[in-house]
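The values are calculated or read from the model by the stated rules, or taken from the named source; none is laboratory data. Note that this is a predicted model, so its numbers are computed, not measured. Quick reminder, even Gly has a Cβ in these numbers, built from the backbone with ideal geometry, and neighbours come from all protein chains shown.
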Amino acid sequence: MITRVRQRPRWFVALTLLTALHLLWIAPAGRADDGHEGKVQYKGRWVTPEEKGNLEAGRILYKGQWILPEEKPFVDKGLVRYKQRWVTAEEKTNLDQGLARFEGKWLKREEVDARRQQWANAWEVSNKHFLVRTNTSEDGAYALLALLDATMVESKRLMHAEKSEPSKPMTVYLFREPREYEDWCHQKNADSYVTQPDMYDTKENVLALCQRNLTPEVFQPWVASASFSQFVWTCFDKKFPEWFEYGLRGYFQAGRYENGKLTLGVAYKAILPPLQSAISTGKQIKLRELVSAPSSVFASADRMPLYQAETWALVHFILNGKSEKWRKSFGKLVDEYLKADFPDTATLDSIDEMGFKIFEKVFGKDIDALETEWIAASRLLN
């Protein structure tokens, strides 16, 4: 007797084959796949996780090194990258062997680290825009320099001032111990800033910092926000209305710094809950008051955290919302602020008053519509 074998429908066979091929050849984008020796997909091709990080950061492979396009001159000079800096091949060999330079000599890094912890012997690194002095670590000095450079790029972009250059390099101090930072503040008669993780003295073009055991995820955005304020003074020799400066400082402070790139426009999750709570109960600061009253008004009424949150939320909404109209208006506002002759007074009241008149001029009859839209958008942020 002949036994007949029941055949599967053709559609079932085809579906099974497609499923098998999918499992064999297709892995989720951006995730490692065992069949490709730990590589991940990036724009349709398999690369190592390190390659993917470099490509996402805008780097290119040039003469065996992953670099930004503008770094080609360093490679052409025969320099190689060592962490956050460019050195000669000989210097890299010494650094890899655990040596460090001190007063022209190569010594054991442990010995150099011990000496550099004294502020008088602090590391100093510099470039065209910044001079960094710190007694934390040499790697920390170069990492801070790279962060400051990334911040300046974004500062220029947001201020529509790509061609603006500081009148002189900004000096940045990063103290190892809070006591050292506090002593510096006292010398500058800056007692009110002693409890802050950052301090900047615009008249002397000095930004002084103390890390205070903050994690990089917290400290780096702090540095970015503080250096933005210093950048404004350094390039334009003026103070802007307080809401504008607070808003953009918050915008930088919410940023992320990864792979040498500063990413802005993300939600500021640390201040979102109180902000949304105030909005839900109708206790938010109204837009006209927000952009006209000096910050001292809100500080005296214990509403300073809300003031800072709202100024950030307003800037965030304008720059990242769906409306191109608001972004264009913001661009005009920046241009008007840069052209304005803000008075250099002991108080900021006249600056804020003049700033509000410019705000009214730019946004005109649209102020109420702007307020309605940004409050509604703030409710939905997460």
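In segment 95-112, what residues are small (Gly, Ala, Ser) and in contact with a helix residue (DSSP H, G or I) (Cβ under 9 Å, 6 or more places away or on another chain)?
Hits for segment 95-112 are Gly98, Ala100.
Which one of the conditions (1) modelled with pLDDT of 90 or more; (2) surrounded by fewer than 16 Cβ atoms within 10 Å (Cβ to Cβ); (3) farther than 27 Å from Asp335 by Cα does Leu214 fail to meet, given that it meets all the rest?
The failed condition is (1).
Assuming Asn127 fulfils every condition listed in (1) closer than 26 Å to Lys92 by Cβ; (2) exposed (fewer than 14 other Cβ atoms within 10 Å of the Cβ); (3) free of Cβ contacts under 8 Å to residues at least 12 places away in the same chain apart from one, which condition is it?
Only one criterion in (1) closer than 26 Å to Lys92 by Cβ; (2) exposed (fewer than 14 other Cβ atoms within 10 Å of the Cβ); (3) free of Cβ contacts under 8 Å to residues at least 12 places away in the same chain is unmet by Asn127, namely (3).
Does Leu314 qualify as being crowded, with 18+ Cβ neighbours inside 10 Å and either at negative phi or not in a helix (DSSP H, G or I) (or both)?
Details: crowded, with 18+ Cβ neighbours inside 10 Å: yes; either at negative phi or not in a helix (DSSP H, G or I) (or both): yes.
So Leu314 fits the description; yes.
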